[in-house]
1. Here are some pairs, 5/38; 38/137; 86/137; which of them have Cα atoms lying more than 20 Å apart in this structure?
2. May I ask you to compute the full-extension gain from residue 112 to residue 31, defined as 0.36 nm times their residue separation minus their alpha-carbon distance, rounded to one decimal in nm?
3. Measuring with a 1.4 Å probe in the full set of protein chains, what accessible area per residue, in whole Å², belongs to region 1-79?
4. Once R0 is set to 35 Å, what does the formula 1/(1 + (r/R0)^6) return for the Cβ-Cβ distance between residue 85 and residue 24, expressed as a FRET efficiency to the nearest 0.05?
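The values are calculated or read from the model by the stated rules, or taken from the named source; none is laboratory data. What you are looking at is a predicted structure, and each value in this text was computed from that prediction instead of being measured. Methodologically, a virtual Cβ is constructed for each residue, glycine included, from the backbone with ideal geometry; neighbour enumeration extends over all protein chains shown. These area figures cover heavy atoms from the full protein model, side chains too; ligands, DNA and RNA do not enter into them. Shrake-Rupley method; radii C 1.70, N 1.55, O 1.52, S 1.80 Å.
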Amino acid sequence: ALIEKIQLLENNNSSIVQEIVVEIYREFPNNYDDIGIKWLLRDATRFCICYVYDEPEWQPAMNLVKSLSSHCSDSVFEELEEAILKYHSPYEKRLDKCYLGAWRNGSFAHYWGEVQYFLLSSLPTYRIKSSTADLIKVLRRKFYPEDRYLHRHLMSGGMVGSKLDPSLEKISDRAWLDIIGNNKVKDDHGHNWI
């Protein structure tokens, strides 16, 4: 009866409803694991459904994969492993253009691999292909330490300006050191930075 009820919610696009579906599938007995994995595989956007601000968007899918991938059938497991390997974020092309420009200036942000790393790492190691194990090792180096990616942090940003712009070339190194080391200048952690 619960399976029939949950199937009424399976195609709901609300991330809250999808997280509820994930939690219900995680609690099913092991002989129903294929049903939960197949639900995840029917729509690749379910790899990233989180609505909670302080969790990664792929956390619910990671929890589902951890819970169900040990006992699902071999054919469903192979399909899951392959789907994770081939997953591409809908924002990947936009991020690619943005990050490639930043790479030229020495900034090395990623646009691929984070979802793959955490979902593949959630699979039981005794079931994955050797090529997947090798990829996990490479991605582990890229996404270390993991804590940095498992929790989102509230951040703010802004522009920092200087009133010295017209005469920058005239300021000596010693004068710059005096400015930087000046204890009278207060740290302003508000939104009106100077």
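1. Values: 5/38 17 Å; 38/137 27 Å; 86/137 17 Å.
Those over the limit are 38/137.
2. Here the answer is 25.8 nm.
3. For region 1-79, the solvent-accessible area averages 53 Å² per residue.
4. Given R0 = 35 Å and the Cβ-Cβ separation, E is 0.85.
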